[in-house]
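K.L.:
Please read through the structure below; I'll follow up with questions.
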Amino acid sequence: MRDWPPPMQPGMRVPAGYMTPEANLEMMVCLPEGDVARVVSLMEQVVSGLAGADAQTRSVIRWVAPAGLGPVGGAPGDPLWSMPVLLKDNIETADMPTTAGSLALTENAPGRDAPLVARLRQNGAIILGKTNLSEWANIRSSNSISGWSAVGGQTRNPYDLERTPCGSSSGSAVAVAIGLAPAAIGTETDGSITCPASVNGVVGFKPTVGLVSRTHIVPISHSQDTAGPITTTVEDAARVLSVIAGTDPLDPATAEADAQKVDYRAALDAGSLRGARIGVLRFLLPSYSEETRAEFERSLRVMRDAGAVIVDVTEPPADWRNLGTWELQVLMTELKVDLNAYLASTDPEQVKTRTLADVIAFNEAEPRETELFGQELFVRAEATTGLEDPVYVHARASSLRAAGPEGIDRMMADHGVVALIAPTTSRGWTSDREDDDDMQGSASRLAAIAGYPHLTVPMGFDRGMPVGMSFMAGKWDDAKVLSLGYAFEQLTQARRAPGSIGGGD
């Protein structure tokens, strides 16, 4: 069992509720002895202090009520024994509502744990609370604001409060970055784990779609959605993934998960870059900031010095320019189908909006929902005609082929490489729509559409703001991707906690 909290880095402020090693030890003693009263007392102290530490960043939307803390499963020695974990608030738990940040779901408390939550509890994790997110996971509007929801307000980047935390797993990344928990669970459809992890200076892993159950998670797309860990180290991400991965009979996409999963922590190898041929997605680099490109080239030199063979991939997949159009068609069509199915599974006494059309009407009547941006993507999704629509069928088949077999798979095979890398994105941009400091560069699309694993690891800083290195590979290559990222992390040790460096300029 790892200690929580992790060792403080020089210059990092200590949150008021940071659990001391002594308190953590007492928690570990009380749990197996069944001293619920003492555990509740400790948790009340911790939750109160952590909530205060989050006052500026607003990463947590709801803390668990300690008095209602259920029994913790597992036993001392289990991978996550007494490890606190935070969950993005589109993931259901039996003891808290699940809102996806929307006022339409404030009473959504069906009393069930998502299977990944059950796995966490069974292995000793303590669910501390729910994190804020970009409302509806950033799918309501193309003008949505990352980290903002009507329920949770605006989550802020701890390295510079005026810059974006990215999204949609904004709160999960920020909470881990400032030390509220050693691990959080985010979800991703395209970039929603990796982007916030990168701009908040932490590790984020989007697994192969189908490795982790999506049951009882507010959906966007059954083709691209997955949950995954956000942590400060690759080792902790591997530890969490080993627990949450597995087959779920209610999620057909996970049929192969039990056969494919391994002990991801045991598979980590600090020497895995030695002799490894790594493909650099050069065709992406012009879109990143100059500072991020410089950090990336410095990191390539470190990898070469460690024995990696760096191979330039200069040409994008043949249908690269069509991917965005195809992907949006897929997401719009599946959003209507999948969200309607999710809403139908909730308690009608708690959730009055039973369909996407109902949610659209709710938003139109609720000014707090639309004061900052609209819902044109919801309206577009509502106009789609289902999974049998030939336009959708073509878009899904074409995007999957172009991103997977003719994209990542072909680039790896043609260049004889074991993984592909690029900067995850550039520094966090400002939240001011009137200036020209905007998002620059993204590595997420190919892995997102293909459903392949994508890891971001802290790489360095761009004007005082964190930037990450992305590692990607083929389907079920999760262990390999984590191991390569782990080797890079051990070589560079690039992460610096908020407060230990200067702010952005």
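K.L.:
For the chain, report the accessible area per residue in Å² (1.4 Å probe, heavy atoms, rounded to an integer).
P.N.:
35 Å²
K.L.:
Assuming R0 = 35 Å, can you tell me the calculated FRET efficiency for the pair Ala37 and Arg368, based on Cβ-Cβ distance, to the nearest 0.05?
P.N.:
The value I calculate is 0.35.
K.L.:
Further, regarding this structure: Quick check: residue separation of Arg298 and Val311 times 0.36 nm, minus the Cα distance between them. What number comes out in nm? Let's see the in-between values first.
P.N.:
Working: separation 13, 0.36 × 13 = 4.68 nm, distance 1.53 nm.
The Arg298-Val311 span can extend by a further 3.1 nm.
K.L.:
Give the cross-link partners of Lys206 among the lysines, using a straight C-alpha distance below 17 Å as the criterion and excluding same-chain residues fewer than 8 apart.
P.N.:
Lys88, Lys261, Lys475, Lys480
K.L.:
For the range 254-354, report the translational diffusion coefficient in µm²/s to the nearest whole number, using Stokes-Einstein at 25 °C, 0.890 mPa s, and a Kirkwood Rh over Cα pairs.
P.N.:
131 µm²/s
K.L.:
Report Rg(Cα)/(2.2 N^0.38 Å) for the range 328-432, keeping two decimals.
P.N.:
1.49
K.L.:
Then there's this: Taking the simple approach of a point 7 Å from Cα along Cα-to-Cβ for both Leu387 and Glu162, what is their distance in nm?
P.N.:
Result for the modelled spin labels: 4.8 nm.
K.L.:
Among (1) 88, 60, 50; (2) 61, 59, 53; (3) 61, 52, 49, which one is Cα extents along the principal axes in Å computed from these coordinates?
P.N.:
So the structure-derived entry is (3).
K.L.:
If you roll a 1.4 Å probe over the range 116-202 with all protein chains in place, what percent of the accessible area is carbon or sulfur?
P.N.:
The computed percentage sits at 38.
K.L.:
Based on the Kirkwood radius over alpha-carbon pairs, what is the Stokes-Einstein translational diffusion coefficient of the range 296-364 at 37 °C with 0.692 mPa s viscosity, in µm²/s?
P.N.:
Numbers: Rh = 16.6 Å.
So the translational diffusion coefficient is about 198 µm²/s.
K.L.:
Now for a separate question. Determine the percent antiparallel among the DSSP beta bridges restricted to the range 177-326, to the nearest 5. Intermediate values should be presented prior to the final figure.
P.N.:
Details: 9 of 14 bridges.
Roughly 65 percent of the beta bridges in the range 177-326 run antiparallel, per DSSP.
K.L.:
Quick one: 3J(HN,Hα) in Hz for the range 198-213, Karplus 6.51/-1.76/1.60 with θ = phi - 60°, rounded, Gly and Pro as x.
P.N.:
Each residue's phi maps through the Karplus curve to give 4, 6, 10, x, 10, 8, x, 10, 9, x, 3, 4, x, 7, 10, 4 Hz.
K.L.:
If you don't mind, there's one more thing I want to ask. Non-local amide H neighbours of Gly186 (under 5 Å, H modeled in plane, Pro and chain starts lacking H): which ones?
P.N.:
HN-HN under 5 Å from Gly186: Gly228, Ile230.
K.L.:
State, in angstrom, two size descriptors of the range 92-193 derived from its alpha carbons: Rg to one decimal place and Dmax to the nearest whole number.
P.N.:
Considering the range 92-193 through its Cα atoms, Rg and Dmax are 13.6, 40 Å.
K.L.:
Mind listing P(r) for the range 35-163? All alpha-carbon pairs, 5 Å bins, whole percents.
P.N.:
In whole percents, the pair-distance histogram is 2, 11, 18, 21, 20, 15, 9, 4, 1, 0.
K.L.:
What percent of all Cα-Cα pairs in the range 361-505 falls in each 10 Å bin, counting up from 0?
P.N.:
Result returned by the calculation: 10, 25, 26, 27, 11, 1.
K.L.:
In the range 351-442, which GluC sites (Glu not before Pro) are in a loop and have at most 15 other Cβ atoms within 10 Å, using DSSP for the loop call?
P.N.:
Glu371, Glu388, Glu434
K.L.:
Out of the DSSP beta bridges found with both residues in the chain, what percent are antiparallel (nearest 5)?
P.N.:
Numbers: 33 of 49 bridges.
For the chain, the DSSP antiparallel bridge percentage is about 65.
K.L.:
A further question follows. For the range 136-251, count the residues as N, evaluate 2.2 N^0.38 Å, and divide the Cα radius of gyration by that value, please.
P.N.:
Against the empirical 2.2 N^0.38 Å value, I get 1.02 for the range 136-251.
K.L.:
Output ³J(HN,Hα) for the range 296-308: one whole-Hz value per residue in order, computed from phi by the Karplus curve 6.51 cos²θ - 1.76 cosθ + 1.60 with θ = phi - 60°, and x for Gly and Pro.
P.N.:
5, 5, 4, 5, 4, 5, 4, 5, 4, 4, 8, x, 6
K.L.:
Can I ask one more? Report the calculated FRET efficiency for Thr325 and Ala267 (r = Cβ-Cβ distance, R0 = 35 Å), to the nearest 0.05.
P.N.:
0.40
K.L.:
Assigning unit charges at the beta carbon (Lys, Arg +1; Asp, Glu -1) and nothing else, what dipole magnitude in debye, to the nearest 20, does the chain show about its Cα centre?
P.N.:
Values: 42 positive and 63 negative charges, 184 e Å.
The calculated dipole for the chain is roughly 880 debye.
K.L.:
Sticking to Cα atoms, compute the Rg of the range 153-208 to one decimal and its Dmax as the biggest Cα-Cα distance, whole number, in Å.
P.N.:
Gyration radius and largest Cα-Cα distance of the range 153-208: 10.1, 33 Å.
K.L.:
Continuing with the same structure: Which whole-number percent gives the relative contact order of the chain, counting Cα pairs below 8 Å spaced six or more residues apart?
P.N.:
Relative contact order comes out at 17 percent.
K.L.:
Now for a different question. Compare the peptides 180-193, 114-127 by average per-residue count of other Cβ atoms within 10 angstrom and give them in order, highest first.
P.N.:
Result, highest mean first: 180-193, 114-127.
K.L.:
What are the ³J(HN,Hα) couplings of the range 318-327, residue after residue, when phi is run through the Karplus curve with 6.51, -1.76, 1.60 and θ = phi - 60°? Round to Hz, x for glycine and proline.
P.N.:
Result, rounded to whole Hz: 4, 9, 3, 6, 8, 4, x, 5, 5, 4.
K.L.:
Let me ask you something else. What net charge is computed for the residues neighbouring Ala383, neighbours being all others with C-beta under 13 Å from the C-beta of Ala383, Lys and Arg scored +1, Asp and Glu -1?
P.N.:
Summing Lys/Arg as +1 and Asp/Glu as -1 gives -1.
K.L.:
Continuing with this model, one more query. Does the range 280-320 classify as rounded, prolate or oblate by the C-alpha gyration tensor (a ≥ b ≥ c root eigenvalues; a/c under 1.5 gives rounded; else a/b over b/c gives prolate, otherwise oblate)?
P.N.:
oblate
K.L.:
Counting other Cβ atoms within 10 Å of each Cβ, which trypsin sites (Lys or Arg not before Pro) in the range 368-460 have at most 15 and sit in a DSSP loop?
P.N.:
Sites meeting the loop and neighbour criteria: Arg433.
The values are calculated or read from the model by the stated rules, or taken from the named source; none is laboratory data. None of these values were measured; they are calculated from a predicted model. As a convention, Cβ positions derive from the backbone with ideal geometry for all residues, glycine included, and neighbour counts pool all protein chains shown. Side chains are part of the model used for accessible areas, which takes the heavy atoms of the whole protein and leaves out ligands, DNA and RNA. Shrake-Rupley method; radii C 1.70, N 1.55, O 1.52, S 1.80 Å.
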